[in-house]
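A quick write-up on the structure given underneath.
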Amino acid sequence: MEKLERPLSVLIELLPQYRLVNSLYWNTINESKLSFHNQCLITGFYNEFKDTLIFDKTILNFILTTDKGKQLQIIESFRIEIERNMEAYTNNNSFFDKLDTYNICAERPDPFPREIEIQLQETNNIWQKLKELRGNLEAESWKGNKTATDRLFKEEEDLDKLYKAEQKKLNILYQKKKKSDSNASKYAENLFAKIHQLSTTFQTIINSYFPVQQETVESPTPDIEPEENPITEQLDDSNEPPITVKPTIEADMIFRSDEMYNKFQKLEQKLITDKYLDENLIWISRHDNRTVDIKSLVTFLVGLVENRYFLPNKDPKIKIFFETRYTVTIGQNFERQRRIKYLNEYQTVFFEYKF
């Protein structure tokens with residue numbers, strides 16, 4: 001990131017590396033393990049971009065030298081990747097922080113132990129032959145057998161040269177192993193928490209130069225309801241909810257990333273298994289009087305909100321998305337003040353759900 005005179009190229013260089021690191025995060029989550037190769041890539045990413053002062057200067061230079069249309073497009077791409085990185089760590093920080101990266105480096109694929117084992121065996125075999133030959137040489141020397149002594153002395157000289165050559169090969173392998181271990185130790189630190197802090201700082205820097213536009217709430221009415229108002233099963237006393245035409249809300253308009261949407265779909269399959277949803281994605285009544293169980297739906301949505309499945313300030317769109325998707329009327333029951341009391345309840349009601 002030192003080439004500040006070319007801020008556009010610097011940021012374009014960083015973007016694909018952020019995407020790569022994010023994909024490595026999700027591969028690690030899905031496989032429940034971290035490979036040494038991926039640990040090296042993640043460490044390289046952090047070491048290359050950890051200087052936040054340079055990033056700050058790069059953004060400032062980027063603003064001064066780049067067309068505004070390009071600025072907004074690139075910055076929005078950055079926001080998405082940074083949020084995905086933060087999302088992956090925040091939702092799985094316990095898993096990431098417990099990864100034993102030191103042991104991962106120690107148990108990396110390494111050819112030298114096996115090569116050393118083979119070479120050590122070969123060196124020891126020659127040493128045993130050399131010891132035996134020297135014993136025979138000493139015996140023949142005591143007997144005064146000059147012919148045998150001369151022959152054995154020549155064999156001992158040749159075998160000693162061979163032994164020293166094999167020792168040299170062994171020492172070279174030991175040096176290579178030592179160098180390999182020293183290189184691997186550079187990747188032994190668990191950097192996931194530091195990368196999360198780095199992403200947080202990047203996000204703060206970007207937001208200081210490009211403030212996030214807050215989405216206006218669709219309804220002019222206040223979002224605060226009396227705390228004693230319970231979640232209602234229906235909006236009014238009539239048997240049929242009012243007919244309204246709702247705009248089409250696509251998943252990418254409310255979900256933070258494709259990964260979070262895919263996680264949501266897995267949770268949705270469990271909702272079907274547990275009879276909250278039917279196969280046609282209609283929210284099922286779980287009451288004797290056949291009224292729709294809005295409380296359980298809002299509780300489930302609170303779980304999604306608390307685990308950062310959604311983009312910020314999207315409450316109206318989230319409500320419409322799920323009303324349309326599940327053929328149900330949520331109404332004012334999803335308003336923030338009404339759902340506060342259910343912040344902890346989702347962990348009890350949906351305790352088997354891996355949010």
Can you tell me which residue is most open to solvent (accessible area, probe 1.4 Å) among those in segment 288-311 that are within 28 Å of N207 (Cα to Cα), of a type in the set (A, V, I, L, M, F, W, C) and not in a helix (DSSP H, G or I)? L311
Do we have any residue at all in segment 61-81 that's outside any helix (DSSP H, G or I), farther than 30 Å from K186 by Cβ and open to solvent by less than 70 Å² (accessible area, probe 1.4 Å)? yes
Is there any pair linking a residue in segment 131-143 that is at pLDDT below 85 to one that is open to solvent by 50 Å² or more (accessible area, probe 1.4 Å), with Cβ under 7 Å and at least six apart or on different chains, and which? L133/E155; L137/F153
Report whether or not E76 is over 17 Å from R19 (Cα atoms) and without any contact (Cβ under 8 Å) to a residue 40 or more places away in the chain. no
Among the residues of segment 312-336, what is the count of those that are open to solvent by less than 50 Å² (accessible area, probe 1.4 Å), assigned to a helix (DSSP H, G or I) and touching a residue at least 40 places away in the same chain (Cβ under 8 Å)? 10
Any residue in segment 262-272 that is open to solvent by 60 Å² or more (accessible area, probe 1.4 Å) and aliphatic (A, V, I, L, M)? no
Residue check for L20: farther than 18 Å from M260 by Cβ, in contact with a Phe, Trp or Tyr (Cβ under 9 Å, 6 or more places away or on another chain) and open to solvent by 10 Å² or more (accessible area, probe 1.4 Å): yes
Which numbered condition K33 fails, given (1) open to solvent by 50 Å² or more (accessible area, probe 1.4 Å); (2) part of a helix (DSSP H, G or I): (2)
Counting only residues that are of a type in the set (V, I, T), in contact with a Leu (Cβ under 9 Å, 6 or more places away or on another chain) and closer than 19 Å to E115 by Cβ, how many does segment 126-181 have? 1
Flag if D150 is more than 30 Å from E87 (Cα to Cα), within 52 Å of the chain's Cα centre (by Cα) and modelled with pLDDT under 85: no
Considering residues of segment 161-198 that are surrounded by 13 or more Cβ atoms within 10 Å (Cβ to Cβ) and of a type in the set (S, T, N, Q) only, the residue farthest from N38 (Cα to Cα): Q167
Test: I340 is over 30 Å from N22 (Cβ atoms) and not hydroxyl-bearing (S, T, Y): yes
Does any residue of segment 208-226 turn out to be outside any loop (DSSP other than H, G, I, E, B) and modelled with pLDDT of 80 or more? yes
Within the bounds of segment 95-118, is there any residue that is at pLDDT 85 or above, among the polar types (S, T, N, Q) and part of a loop (DSSP other than H, G, I, E, B)? no
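Let's see how each residue does on (1) surrounded by fewer than 13 Cβ atoms within 10 Å (Cβ to Cβ); (2) assigned to a helix (DSSP H, G or I); (3) within 46 Å of the chain's Cα centre (by Cα); (4) of a type in the set (D, E, K, R):
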| site | (1), (2), (3), (4) |
| --- | --- |
| N85 | no, yes, yes, no |
| N125 | yes, yes, no, no |
| K129 | no, yes, no, yes |
| W142 | yes, yes, no, no |
Does S94 satisfy the condition of being under 30 Å from L304 (Cβ atoms) and surrounded by 15 or more Cβ atoms within 10 Å (Cβ to Cβ)? no
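The values are calculated or read from the model by the stated rules, or taken from the named source; none is laboratory data. Just so it is clear, the structure is predicted and the values come from calculations on it, not from any experiment. Heads up, the Cβs are rebuilt from the backbone with ideal geometry, glycines too, and the neighbour counts pull from every protein chain shown. Ligands, DNA and RNA are stripped out before the accessible areas are found, and what is left, the full protein with its side chains, is counted by its heavy atoms. Shrake-Rupley method; radii C 1.70, N 1.55, O 1.52, S 1.80 Å.
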